[in-house]
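Data first, discussion second: the structure below is written as structure tokens.
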Amino acid sequence: MISKIKNEIIKYSKMLNSRKLSALRSGNISVRYKDGFLITPSGKKYSTLKNIDIVFVSMNGKFDKKKGIPSSEWKFHQDIYKNRKEAKAVVHAHSANATAVSTHKRGIPAFHYMVAMAGGHNIKCAKYATFGTRDLSKNILKALIGRKACLIANHGQIAFEENLSKAFELAEEVENISLQYITSLKLGKPKILSLKEMKKVLSKAKNYKRG
């Protein structure tokens, strides 16, 4: 079981590169496992990852240094799993367009109904804090209230779901939405859908099954 999960993490980590969501070793991926989670290691290019490189971190933040050092961002993965019981997998990416929007410390409003895929009527942007800190975790948790994805100021984006496939797909959705938002801004200020309309969309989205 653990070997299968590690192989899945490696597969999607390499897809961060091939799908151009993150270059080389940037970003990170984890999957909830027993009383903790399995996560990509610190500082290794995804193209070189092996099963043995994936690190287990307990929910108390313990890990065996002899078996590897987890991603420097492991703390916000831990905090998401501890605070969002529905989270089974987390994908963090430095994708180009989501990162570009995040550098303006702005979220993405309801310029398109697909922002609802992240779980709310908009996509929020977590306040900036130094990577790998509890302050960053706190900011991310706040931006994720009622949502499954958010931007991270001057950093990138993060998404979680009930499995890794869906979490990765959501990260791709956020990146695509970010590109569309940037494009719409080039034409001027986009028209924003009303909160009433977005409530309708969110209601329909609950029954939307992604194949």
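The values are calculated or read from the model by the stated rules, or taken from the named source; none is laboratory data. This is a predicted model, so every value here is computed, not measured. Glycine gets a Cβ as well: all are built from the backbone with ideal geometry, and neighbour counts include every protein chain shown.
For Asn17, the conditions (1) without any contact (Cβ under 8 Å) to a residue 60 or more places away in the chain; (2) under 14 Å from the mean Cα position of the chain (by Cα); (3) within 18 Å of Ala98 (Cα to Cα) all hold with the exception of (2).
The number of residues in region 108-138 that are more than 11 Å from Ala149 (Cα to Cα), in contact (Cβ under 8 Å) with a residue 12 or more places away in the chain and in a loop (DSSP other than H, G, I, E, B) comes to 10. Modelled with pLDDT under 95 and of a type outside the set (D, E, K, R), is that true of Gly211? Yes. Of everything in region 152-167 that is in contact with a helix residue (DSSP H, G or I) (Cβ under 8 Å, 6 or more places away or on another chain) and within 11 Å of His92 (Cβ to Cβ), the residue that is surrounded by the fewest Cβ atoms within 10 Å (Cβ to Cβ) is His155. Only one of the listed residues (Ala100, Ala116, Ala126, Ala96) is over 26 Å from Ile10 (Cβ atoms) and surrounded by fewer than 22 Cβ atoms within 10 Å (Cβ to Cβ). That residue is Ala100.
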